[in-house]
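First comes the structure, then the notes that go with it.
Coordinate-derived values only; no laboratory data. As the structure is a prediction and not an experimental result, all values here were calculated from the model. All Cβ positions, even for glycine, are placed from backbone atoms using ideal geometry, and neighbour counts span all protein chains on display.
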Amino acid sequence: MPSQALVKVTRLVKVYQDGSHVPVRAIDGIDFTVAAGEFTAVAGPSGSGKTTLLNLIGSLDTPTEGQVIVAGQDLGQLSRRARADFRLRNLGFIFQSHNLIPVLSAHENAEFNLLLQGVPALERRARVLAEFASLGIEEELTRRRPAKLSGGQQQRVAIARALVTRPKLILADEPTASLDSKTGARLLDKMRALNQRTGITFLFSTHDPMVIDRARRLVTLRDGRIASDETRL
Amino acid sequence: MILAKVAWRSIWRNPRRSWVLISAVAVGVFTYVGIVAYIDGLSLQLVRTAIELQGGHIQVSGTGYFENPVIRTQVTDQRIVVRVLDALKGVRHASQLRSPGMISSAEQSAGVTIVGVDPMQEPAVSPLSGLITEGDWLSNDPSAGEVVMGAALAERIGVLLGERIVLTASHLNGDMSAGAFRVRGLFTSNSAEYDKTQVITHAAEVRAMIGFAPHAASTVAISLGMDQGVQEVQAELRARLEGHGVEVLTWRDRSPMLVMMDELMRLTDVILVVILFSAVGFTLINSFVMVIFERIREIGIMAAGGVRPGQVRLLLFMEAAFVVLIGIGVGAGLAAALIGWWSSVGLDLSAFAEGLSRFGAGAVIYPSVNPERIATGLGMILIMVFLAVLYPAVKASRFKIVDAMSHA
Ligand SMILES: Nc1ncnc2c1ncn2[C@@H]1O[C@H](COP(=O)(O)OP(=O)(O)O)[C@@H](O)[C@H]1O
Ligand SMILES: [Mg+2]
C-alpha cells in the first residue's frame, strides 16, 4: 500500500445555496485521503455528493468550509488562473459524456492539453499515437470529429486526452454512465491496466455495480458523508 | 495555435449566423468607405478651389492686407519677393493687383473685385485660363483693353462676349477713374461666388487706373507642386522676407472656414462609425451571447483541462475578429469596386450643384481615398467590435466550471 497522500481532504463542507431554495449540504464534513497509485471508486446513491466531491478535489469548485490539498498544493490558496495552470499540470478529467470539443478531430482533442502545455509537435504526436494504440483507437478514427464517433470511442479519446499529459491524478465522474455495460466494462479494464502500468492515480465516481466490482478501494457516500471505506485485496 | 483553430472552425458551425454578421460588417464598411470617399472628394474640391482661385497655397501681401484689403496696403517692391521665390525649388508664382470697383454695362452695374494679372504668368498659379467657356484668355498686349469675367457676372449685367463694359475704381490719390474694356472671355469655375465677383484684366491697366507704383502689387500668389510642405515654405519665406513689410499666409490661414470644415469632417467620421456600427455592435453582442450559451459545456471542458480565463476571452475575441475581418475584406472589396467605377464617371450632383458651388465645389464630385482616414475608421470599428464582445467574453470566462459542466 503506497504511503504518500496525493489527495488530502480535511473537514470538507459544501453548501449549495442558490436563490430561494433551502441550502443543500452536498458535502457534510468529509475527511479523506487518497494515496498515490490508488484505483478508487466513490459510490453512493444519486444525490449523495459524488460529483461535488470530485469537483472540489479537481479545483473546479470551491468548498464552503475545509481544505483540499492535492499533490502538496492547498487549492484554496490558488487564484482562478493558477487553478487552471494547476489542472493543466497535474490533473486529467473524464466526464460522463460529451467530453470532447466538437470542432476538433479525435487526434486534435487528444493533443489539446499538450498544445496548451507547449509540448513540441513530434513528441505530441508520439504520445497521442501511443495512447491511441494502447486504448485501441484505430487509425481511421483519429481524423474524425466527435460527432462521427460512438459513445465508447469518444470516452476512449477522452481517456487518451487525460493520459497524454501524464497527470498525477485522473478524476472520472461516472465515466461509464453513458455506455452500455459491455463497453463500460472494457473501458474500466483499460483504465485499471493503465493504473497498473503507469501508476497514475484514478479516482472515479459511479453507482454501477460492475464498476464497483473492479475498484481496489471503495468509498461509499450517503448524504454528503462517508458511510463506508473499504480496501479490497 | 490551437485556440485560433477552434475559433476559426467555430465560425462555420453556424454559417448562416456568421454570414449575417459578415454581411452586416461588410455593408457597414462599404457604406462608411463610400461616404468618407465622397466627403473627402468634396472636401478636396473645396480645398482645390480655395487654393487655385484664391491666391495659391501661399500668398504674400502687404502687412495687414488679409485683415483689411485696401489698395493702399501693398507689396511695395514685388521684385524682392520674386527674387526670393526664384531661389526656391518647385515654386511657381504670379503677382496680382486688386481693387474694389464697379462694372457697368449699358443696362446694369455691379460691385466687383478688379484683378490685374500678367496673362503669361497667371496660369502658373490659377486654372482660370483653362476655364474659359466662351471667347479667349487675355492676350499679352498690355493696352488691348480686354477683360475676362465669370459667365454668371456677364449674365447679371447683361453683357455678351465682345461687347463693351466700363470699370470704375478709386485712384490712390482719391479721384475716381474709369476705363472702357471689351469682354474677351467668359469663364465658369467651381465657385459661383467667384464667377459673380471677379473681373480680370491686364496688370498694366489696373496699375494705370489705381496709380500703383511700377513695382508695387497687392499680392504675390504662390503655388507649390503639391499640398504638402506648405508650412515649411511659409516659414522659410517669412524668415527671408523679414523686415520688408509683408505678410505670408497659407490658404489655411486665409480660409478658417475650410479648416473648420475639415475638422468637422473628421468628427463626421466618428459619428458615422458610431451610427453604422452600433447596429453591427448589437448584432455582435447578441450573436455572442448565443454562441456562449450554446457552448457553455465545451468552454467548461476546456477550462477544466487547464484553459485559463484569459484564454477563454481570447478564443471569443479571435472568433469575433475573424468574422469581422472577413466582413471588412468583403466590404472594402465592394467599396474599392464602387470607388474605381465612380472615379471614372464621377457623381453628378447637378440637382444640388447650386448649393454646393456656393461653397466652391463643382457639380461632379470625384471620390478621394484618404488611406489614413479609412484606416482610422477601420481601427474604430475594431475597437467597437472589441467592446461589443467584451461583455459576453468576460461573462464566459467567469462561468463556474461546474455549472458549465452540468449543461448538456
Ligand atoms: N449546482 C447545484 N446547486 C444546488 N444544488 C446542487 C448543485 N449541484 C448539486 N446539488 C445538490 O447537491 C447534492 C449532491 O449532488 P451531487 O454531488 O451531484 O450528487 P451525485 O453526484 O452523488 O449524484 C444533491 O442534493 C444535489 O441536488
Ligand atoms: Mg453525479
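Tabulated values for the structure
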{"quantity": "Burial ranking of peptide ranges A:42-54, B:177-189 (average Cβ count within 10 Å, highest at the top)", "calculated": "A:42-54, B:177-189"}
{"quantity": "Cα long-axis angle, helix B:230-240 against chain B (0 to 90 degrees, to the nearest 10)", "calculated": "40 degrees"}
{"quantity": "Average partner coverage of A:83-96, which counts Cβ from other chains inside 10 Å", "calculated": "4"}
{"quantity": "Over chain A, relative contact order from alpha-carbon pairs under 8 Å, at least 6 apart, %", "calculated": "29 percent"}
{"quantity": "Region B:31-113: C-alpha gyration tensor shape, a/c 1.5 cut-off, then a/b vs b/c", "calculated": "oblate"}
{"quantity": "Dimensions in Å of chain A - Rg and Dmax from alpha carbons", "calculated": "17.5, 54"}
{"quantity": "Number of partner chain Cβ atoms within 10 Å, mean per residue of B:393-402", "calculated": "3"}
{"quantity": "Cα centroid separation - region A:185-233 against region B:7-71, whole Å", "calculated": "71 Å"}
{"quantity": "Euclidean distance of C-alpha centroids, region A:1-41 and region B:165-192, integer Å", "calculated": "103 Å"}
{"quantity": "Estimated inter-spin distance, residue A:117 and residue B:394, nm [label 7 Å along Cα→Cβ]", "calculated": "3.4 nm"}
{"quantity": "Estimated FRET transfer efficiency (residue B:264, residue B:193; beta-carbon r; R0 22 Å; 0.05)", "calculated": "0.65"}
{"quantity": "Dipole magnitude (debye, nearest 20) for chain B, charges at Cβ of Lys, Arg, Asp, Glu", "calculated": "2300 debye"}
{"quantity": "Value of relative contact order over chain B, rounded to a whole percent, pairs C-alpha under 8 Å and six or more apart", "calculated": "27 percent"}
{"quantity": "Cβ charges +1 (Lys, Arg) and -1 (Asp, Glu), total dipole of the protein assembly as shown, debye", "calculated": "4000 debye"}
{"quantity": "Listed peptides B:13-26, A:158-171 by packing density, highest first (mean Cβ within 10 Å)", "calculated": "A:158-171, B:13-26"}
{"quantity": "Cut-off under 5 Å, modelled amide H: who pairs with residue A:38 long-range", "calculated": "A:202"}
{"quantity": "Computed over region B:55-254: relative contact order in percent, which uses C-alpha pairs under 8 Å that are six or more apart", "calculated": "36 percent"}
{"quantity": "Region B:237-309-region B:90-163 distance, computed between alpha-carbon centres (Å)", "calculated": "45 Å"}
{"quantity": "Ranked by how many other beta carbons lie within 10 Å on average, peptides A:107-114, B:293-300, A:11-18 from highest", "calculated": "A:107-114, B:293-300, A:11-18"}
{"quantity": "In sequence order, calculated HN-Hα J values of region B:292-297 (Karplus, 6.51, -1.76, 1.60; Hz; x Gly/Pro)", "calculated": "5, 4, 5, 10, 3, 5"}
{"quantity": "Shielding by other protein chains, B:302-315, mean Cβ within 10 Å", "calculated": "6"}
{"quantity": "Computed lengthening from residue B:113 to residue B:166, 0.36 nm per intervening residue step minus Cα-Cα distance", "calculated": "17.7 nm"}
{"quantity": "Proxy reagent accessibility, fewest Cβ within 10 Å first, across B:248, B:330, B:324, B:274", "calculated": "B:274, B:330, B:248, B:324"}
{"quantity": "Signed unit charges on C-beta, dipole axis of region B:55-254, positive-most listed residue B:149, B:160, B:87", "calculated": "B:87"}
{"quantity": "Extension gain (nm, one decimal) between residue B:176 and residue B:5, 0.36 nm per residue minus Cα-Cα", "calculated": "53.0 nm"}
{"quantity": "D (Stokes-Einstein, µm²/s), Kirkwood Cα radius, region A:1-129, 1.002 mPa s at 20 °C", "calculated": "127 µm²/s"}
